[in-house]
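Novice: Have a look at this one before I ask anything.
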Amino acid sequence: LIRYHDFDLLGIQEAFKDQLEDMLKLLPKYGAVGVGRDDGKDKGEHSAILYKKSRFTLIKSDTFWLSDTDTEKPNKGWDAALPRICTWAIFEDKENGKRFIMMNTHFDHVGKVARTESAKLMLQKAHELAKDLPLIITGDLNVDEKSDAYNTLASSPYIQDTYELAP
């Protein structure tokens, strides 16, 4: 499916290290950024960003934890059942020289407060990390368009839901 659609960028969720490694072997045109949520290295699910190496230059990337107490190391935030992360990267498009930030995440499946606060934290971090660069968000938000978490993102002046924009 990835080869067929020839995506330039994509976010994946729930990928373990060996699965991510297999994908990259099968998709040699792509590079990846992201870490496991359980140790900040290899353990646990990754919310990785894959990008076409021929199209984009990776400028900077990292991961932060969706938490009210510590965004720098593995932990659970708010009422979350599991540790949750957001992987981000700043890219430069080799075709036009424009830079943008992409964030990929997987919100908690249980914690309603965690989902809403995670959305707020992502917007805050996007501004801190990339100032006024265009922002792309991908992820499994574990919500529908009626939720507080969705509306937190959708009501931001920086976000447009591409589902709503698509013909």
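The values are calculated or read from the model by the stated rules, or taken from the named source; none is laboratory data. Since the model is a prediction, treat every value here as computed from it, not as a measurement. Cβ sites come from the backbone with ideal geometry, for glycine too, and all protein chains shown count toward neighbours. SASA here: full protein model, heavy atoms, side chains in, ligands and nucleic acids out. Shrake-Rupley method; radii C 1.70, N 1.55, O 1.52, S 1.80 Å.
Novice: Can you confirm whether the range 64-87 contains a residue that is over 13 Å from the mean Cα position of the chain (by Cα) and more than 24 Å from GLY111 (Cβ to Cβ)? Working first, answer last.
Specialist: Of all residues in the range 64-87, those over 13 Å from the mean Cα position of the chain (by Cα) come to 67-83.
Filter again for more than 24 Å from GLY111 (Cβ to Cβ), leaving none.
Taking every residue of the range 64-87 in turn, none turns out to be over 13 Å from the mean Cα position of the chain (by Cα) and more than 24 Å from GLY111 (Cβ to Cβ).
Novice: Further question: Looking only at residues in the range 95-140 that are buried (at least 20 other Cβ atoms within 10 Å of the Cβ) and assigned to a loop (DSSP other than H, G, I, E, B), which one is nearest to the chain's Cα centre (by Cα)?
Specialist: Of everything passing the filter in the range 95-140, PHE107 is nearest to the chain's Cα centre (by Cα).
Novice: Right, something else. Filter the range 141-152 down to residues that are open to solvent by 40 Å² or more (accessible area, probe 1.4 Å) and not in a helix (DSSP H, G or I) and give me whichever is nearest to ALA48 (Cα to Cα). Spell out how you get there, then give the answer.
Specialist: Residues of the range 141-152 open to solvent by 40 Å² or more (accessible area, probe 1.4 Å): 142-146, 148, 150-151.
Going one step further and asking which of them are not in a helix (DSSP H, G or I), we end up with 142-146.
Values: ASN142: 17, VAL143: 20, ASP144: 22, GLU145: 24, LYS146: 26 Å.
Filtering first and then ranking leaves ASN142.
Novice: A further question on this structure: From the residues in the range 2-14 that are in contact (Cβ under 8 Å) with a residue 24 or more places away in the chain and more than 18 Å from ILE137 (Cα to Cα), which one is least open to solvent (accessible area, probe 1.4 Å)?
Specialist: Among those that are in contact (Cβ under 8 Å) with a residue 24 or more places away in the chain and more than 18 Å from ILE137 (Cα to Cα), it is ILE2.
Novice: Quick check on the range 82-93. Is at least one of its residues part of a loop (DSSP other than H, G, I, E, B), at pLDDT 95 or above and open to solvent by 40 Å² or more (accessible area, probe 1.4 Å)? Even if it seems obvious, please write down each step before you answer.
Specialist: Let us first name the residues in the range 82-93 that are part of a loop (DSSP other than H, G, I, E, B), namely 82-84.
Filter again for at pLDDT 95 or above, leaving 82-84.
So of that shortlist, the ones also open to solvent by 40 Å² or more (accessible area, probe 1.4 Å) come out as 82.
So far as the range 82-93 goes, yes, one or more of its residues are part of a loop (DSSP other than H, G, I, E, B), at pLDDT 95 or above and open to solvent by 40 Å² or more (accessible area, probe 1.4 Å).
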